[in-house]
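Visitor: Below is one structure. I have some questions about it.
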Amino acid sequence: MSTSPPRRRDAIEKSAAIERAAVDLVLDHGYDDVTVDMICARAGVSQRTFFNHFGTKDAAFLGAEGPSLDERAVRAFIVSSGPLLLEAAQLIRIDPGAMAADPQLMARRIRAVAGNPILVARQMERFTAIEHELTEVIHLRLRTQHPDDPDEALLEDAEIITHILAGVMRYIAQSWAAQAERGETPQVAPATIAEKLTRAVRRLS
(Lines give C-alpha, C1' and ligand atoms only; values in the text may rest on other atoms or scores of the structure.)
Protein backbone atom coordinates (compact mmCIF):
# COMPACT_ATOMS: atom_id res chain seq x y z
CA MET A 1 0.00 0.00 0.00
CA SER A 2 1.33 3.47 -0.90
CA THR A 3 2.58 5.64 1.95
CA SER A 4 2.68 8.83 -0.10
CA PRO A 5 -0.54 10.40 1.30
CA PRO A 6 0.67 10.29 4.94
CA ARG A 7 4.05 11.62 3.84
CA ARG A 8 2.35 14.38 1.94
CA ARG A 9 0.22 15.29 4.96
CA ASP A 10 3.31 15.33 7.15
CA ALA A 11 5.07 17.66 4.70
CA ILE A 12 2.07 20.00 4.61
CA GLU A 13 1.85 20.06 8.41
CA LYS A 14 5.56 20.80 8.81
CA SER A 15 5.43 23.54 6.19
CA ALA A 16 2.44 25.10 7.93
CA ALA A 17 4.19 24.92 11.31
CA ILE A 18 7.24 26.68 9.87
CA GLU A 19 5.12 29.41 8.30
CA ARG A 20 3.20 30.00 11.52
CA ALA A 21 6.41 30.12 13.55
CA ALA A 22 8.07 32.55 11.13
CA VAL A 23 5.09 34.91 11.02
CA ASP A 24 4.57 34.86 14.80
CA LEU A 25 8.25 35.54 15.45
CA VAL A 26 8.26 38.52 13.09
CA LEU A 27 5.25 39.96 14.88
CA ASP A 28 6.89 39.34 18.28
CA HIS A 29 10.48 40.39 17.53
CA GLY A 30 10.59 42.23 14.21
CA TYR A 31 12.01 41.06 10.89
CA ASP A 32 15.66 41.89 11.54
CA ASP A 33 15.89 39.95 14.81
CA VAL A 34 14.38 36.66 13.59
CA THR A 35 16.77 33.89 12.53
CA VAL A 36 16.27 30.50 10.91
CA ASP A 37 17.36 28.91 14.20
CA MET A 38 14.57 30.72 16.02
CA ILE A 39 12.01 29.63 13.45
CA CYS A 40 13.15 26.01 13.67
CA ALA A 41 13.01 26.05 17.46
CA ARG A 42 9.49 27.51 17.49
CA ALA A 43 8.27 25.08 14.81
CA GLY A 44 10.02 22.05 16.33
CA VAL A 45 11.93 21.13 13.17
CA SER A 46 15.56 20.83 12.15
CA GLN A 47 17.36 23.25 9.83
CA ARG A 48 17.48 20.47 7.25
CA THR A 49 13.69 20.19 7.36
CA PHE A 50 13.36 23.96 7.16
CA PHE A 51 15.44 24.16 3.99
CA ASN A 52 13.62 21.21 2.48
CA HIS A 53 10.50 23.39 2.55
CA PHE A 54 11.82 26.93 2.21
CA GLY A 55 14.87 28.18 0.37
CA THR A 56 15.22 31.32 2.46
CA LYS A 57 14.00 32.95 5.63
CA ASP A 58 11.91 35.38 3.56
CA ALA A 59 10.13 32.48 1.86
CA ALA A 60 8.95 31.26 5.26
CA PHE A 61 7.60 34.72 6.05
CA LEU A 62 5.90 35.21 2.69
CA GLY A 63 5.02 31.63 1.75
CA ALA A 64 6.94 29.20 -0.43
CA GLU A 65 5.05 29.96 -3.64
CA GLY A 66 4.88 33.40 -5.20
CA PRO A 67 2.17 34.51 -7.62
CA SER A 68 2.03 32.73 -10.98
CA LEU A 69 -0.15 32.67 -14.07
CA ASP A 70 -2.92 30.09 -14.32
CA GLU A 71 -2.10 28.19 -17.52
CA ARG A 72 -5.68 27.13 -18.20
CA ALA A 73 -6.92 30.67 -17.70
CA VAL A 74 -4.16 31.97 -19.99
CA ARG A 75 -5.35 29.76 -22.86
CA ALA A 76 -8.93 30.97 -22.45
CA PHE A 77 -7.81 34.59 -22.04
CA ILE A 78 -5.92 34.73 -25.33
CA VAL A 79 -9.01 33.87 -27.41
CA SER A 80 -11.56 35.67 -25.22
CA SER A 81 -13.41 38.82 -26.27
CA GLY A 82 -14.46 39.70 -22.74
CA PRO A 83 -13.30 42.66 -20.60
CA LEU A 84 -9.52 42.54 -20.97
CA LEU A 85 -8.37 44.18 -17.72
CA LEU A 86 -10.71 42.15 -15.53
CA GLU A 87 -9.80 38.88 -17.23
CA ALA A 88 -6.09 39.72 -17.08
CA ALA A 89 -6.35 40.25 -13.31
CA GLN A 90 -7.92 36.80 -12.98
CA LEU A 91 -4.90 35.21 -14.64
CA ILE A 92 -2.84 35.80 -11.51
CA ARG A 93 -2.89 32.82 -9.20
CA ILE A 94 -1.81 33.11 -5.58
CA ASP A 95 -1.29 29.79 -3.84
CA PRO A 96 -2.62 30.22 -0.29
CA GLY A 97 -0.53 27.31 1.00
CA ALA A 98 -1.04 26.83 4.72
CA MET A 99 -3.26 29.91 4.82
CA ALA A 100 -6.06 27.98 3.10
CA ALA A 101 -6.56 25.92 6.25
CA ASP A 102 -5.79 28.78 8.66
CA PRO A 103 -7.36 32.15 7.74
CA GLN A 104 -5.86 33.72 10.85
CA LEU A 105 -2.40 32.92 9.50
CA MET A 106 -3.28 35.07 6.50
CA ALA A 107 -4.24 37.97 8.77
CA ARG A 108 -1.07 37.63 10.86
CA ARG A 109 1.12 37.35 7.76
CA ILE A 110 -0.40 40.48 6.23
CA ARG A 111 0.24 42.39 9.47
CA ALA A 112 3.82 41.14 9.53
CA VAL A 113 4.49 42.05 5.91
CA ALA A 114 2.71 45.42 6.03
CA GLY A 115 4.71 46.40 9.08
CA ASN A 116 8.10 45.90 7.44
CA PRO A 117 9.31 47.73 4.31
CA ILE A 118 11.73 44.93 3.44
CA LEU A 119 8.97 42.32 3.34
CA VAL A 120 6.70 44.67 1.38
CA ALA A 121 9.49 45.06 -1.19
CA ARG A 122 10.08 41.29 -1.31
CA GLN A 123 6.39 40.68 -1.90
CA MET A 124 6.26 43.18 -4.75
CA GLU A 125 9.40 41.59 -6.25
CA ARG A 126 7.38 38.39 -6.54
CA PHE A 127 4.83 40.11 -8.72
CA THR A 128 7.60 41.76 -10.74
CA ALA A 129 8.93 38.28 -11.52
CA ILE A 130 5.78 37.47 -13.53
CA GLU A 131 5.32 40.90 -15.12
CA HIS A 132 7.25 39.98 -18.28
CA GLU A 133 5.23 36.79 -18.74
CA LEU A 134 1.99 38.66 -18.15
CA THR A 135 2.94 41.31 -20.70
CA GLU A 136 3.65 38.60 -23.29
CA VAL A 137 0.24 37.00 -22.72
CA ILE A 138 -1.60 40.32 -23.00
CA HIS A 139 0.44 41.21 -26.10
CA LEU A 140 -0.54 37.92 -27.72
CA ARG A 141 -4.22 38.58 -27.07
CA LEU A 142 -3.97 42.09 -28.48
CA ARG A 143 -2.26 40.76 -31.61
CA THR A 144 -5.06 38.22 -32.00
CA GLN A 145 -7.77 40.87 -31.63
CA HIS A 146 -6.05 43.64 -33.59
CA PRO A 147 -3.96 41.97 -36.30
CA ASP A 148 -3.76 45.13 -38.43
CA ASP A 149 -2.39 47.38 -35.67
CA PRO A 150 1.37 48.07 -35.46
CA ASP A 151 3.01 45.49 -33.24
CA GLU A 152 5.08 48.13 -31.46
CA ALA A 153 1.92 49.91 -30.37
CA LEU A 154 0.30 46.65 -29.21
CA LEU A 155 3.37 45.81 -27.13
CA GLU A 156 3.30 49.25 -25.55
CA ASP A 157 -0.40 48.81 -24.72
CA ALA A 158 0.35 45.41 -23.16
CA GLU A 159 3.06 46.95 -20.98
CA ILE A 160 0.71 49.73 -19.85
CA ILE A 161 -2.00 47.20 -18.93
CA THR A 162 0.54 45.17 -16.97
CA HIS A 163 1.54 48.26 -14.99
CA ILE A 164 -2.12 48.94 -14.25
CA LEU A 165 -2.41 45.40 -12.88
CA ALA A 166 0.69 45.95 -10.75
CA GLY A 167 -1.12 48.91 -9.21
CA VAL A 168 -4.18 46.74 -8.62
CA MET A 169 -2.04 44.15 -6.83
CA ARG A 170 -0.49 46.86 -4.63
CA TYR A 171 -3.97 48.13 -3.77
CA ILE A 172 -5.13 44.61 -2.87
CA ALA A 173 -2.10 44.10 -0.61
CA GLN A 174 -2.74 47.44 1.13
CA SER A 175 -6.43 46.59 1.50
CA TRP A 176 -5.58 43.21 3.06
CA ALA A 177 -3.19 44.92 5.47
CA ALA A 178 -5.84 47.46 6.52
CA GLN A 179 -8.41 44.69 7.10
CA ALA A 180 -5.90 42.72 9.15
CA GLU A 181 -5.06 45.78 11.26
CA ARG A 182 -8.77 46.16 12.05
CA GLY A 183 -8.88 42.55 13.17
CA GLU A 184 -10.93 41.49 10.15
CA THR A 185 -10.29 38.42 8.02
CA PRO A 186 -8.88 39.67 4.70
CA GLN A 187 -11.23 39.15 1.74
CA VAL A 188 -8.94 37.26 -0.62
CA ALA A 189 -11.40 35.25 -2.72
CA PRO A 190 -10.86 35.84 -6.47
CA ALA A 191 -14.57 36.63 -6.85
CA THR A 192 -14.30 39.42 -4.27
CA ILE A 193 -11.27 40.94 -5.99
CA ALA A 194 -12.92 40.64 -9.41
CA GLU A 195 -16.09 42.35 -8.13
CA LYS A 196 -14.12 45.35 -6.86
CA LEU A 197 -12.08 45.61 -10.04
CA THR A 198 -15.20 45.37 -12.22
CA ARG A 199 -16.87 48.20 -10.31
CA ALA A 200 -13.80 50.43 -10.64
CA VAL A 201 -13.37 49.71 -14.37
CA ARG A 202 -17.02 50.53 -15.08
CA ARG A 203 -16.48 53.99 -13.60
CA LEU A 204 -13.79 54.66 -16.22
CA SER A 205 -16.26 54.39 -19.10
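Visitor: Being hydrophobic (A, V, I, L, M, F, W, C), more than 25 Å from residue 128 (Cβ to Cβ), out of contact with any helix residue (DSSP H, G or I) (no Cβ under 6 Å at 6 or more places or on another chain) and modelled with pLDDT under 95 narrows it down to one residue among 64, 59, 101; which is it?
Guide: Of 64, 59, 101, the one residue that is hydrophobic (A, V, I, L, M, F, W, C), more than 25 Å from residue 128 (Cβ to Cβ), out of contact with any helix residue (DSSP H, G or I) (no Cβ under 6 Å at 6 or more places or on another chain) and modelled with pLDDT under 95 is 101.
Visitor: Please give the number of the condition residue 86 fails out of (1) closer than 30 Å to residue 27 by Cβ; (2) open to solvent by less than 40 Å² (accessible area, probe 1.4 Å); (3) assigned to a helix (DSSP H, G or I); (4) modelled with pLDDT under 85.
Guide: Every condition holds for residue 86 apart from (1).
Visitor: Here's a follow-up. Name the residue that is nearest to residue 16 (Cα to Cα), counting only residues in segment 33-55 that are surrounded by 12 or more Cβ atoms within 10 Å (Cβ to Cβ) and among the small types (Gly, Ala, Ser).
Guide: My answer is 43.
Visitor: Given the criteria under 13 Å from the mean Cα position of the chain (by Cα) and either in a helix (DSSP H, G or I) or at pLDDT 65 or above (or both), does residue 201 qualify?
Guide: The answer is no for residue 201.
Visitor: If you check residue 16 against the conditions, is it over 20 Å from residue 120 (Cα atoms) and surrounded by 18 or more Cβ atoms within 10 Å (Cβ to Cβ)?
Guide: Taking the combined requirement at face value, the residue satisfies it.
Visitor: Among the residues of segment 119-148, which ones are under 17 Å from the mean Cα position of the chain (by Cα) and of a type in the set (D, E, K, R)?
Guide: Scanning segment 119-148 gives 122, 125, 126, 131, 133.
Visitor: Pull out all pairs, ordered by first then second residue, where Cβ-Cβ is under 7 Å, the residues are six or more apart or on different chains, the first lies in segment 53-81 and is farther than 30 Å from residue 26 by Cβ, and the second is open to solvent by 30 Å² or more (accessible area, probe 1.4 Å) and not aliphatic (A, V, I, L, M).
Guide: 73/90; 77/87; 78/144; 79/144; 80/87
Visitor: Being over 30 Å from residue 21 (Cβ atoms) and out of contact with any Phe, Trp or Tyr (no Cβ under 7 Å at 6 or more places or on another chain), is that true of even one residue in segment 106-127?
Guide: no
Visitor: Still on this model: Tally up the residues in segment 135-156 that are among the charged types (D, E, K, R) and either over 20 Å from residue 82 (Cβ atoms) or open to solvent by less than 70 Å² (accessible area, probe 1.4 Å) (or both), please.
Guide: 5
The values are calculated or read from the model by the stated rules, or taken from the named source; none is laboratory data. Please read these numbers as outputs of a predicted model, since none were measured by experiment. All Cβ positions, glycine included, derive from the backbone under ideal geometry; neighbour counts span all protein chains shown. Please note that ligands, DNA and RNA were not included when accessible areas were found on the heavy atoms of the full protein model with its side chains. Shrake-Rupley method; radii C 1.70, N 1.55, O 1.52, S 1.80 Å.
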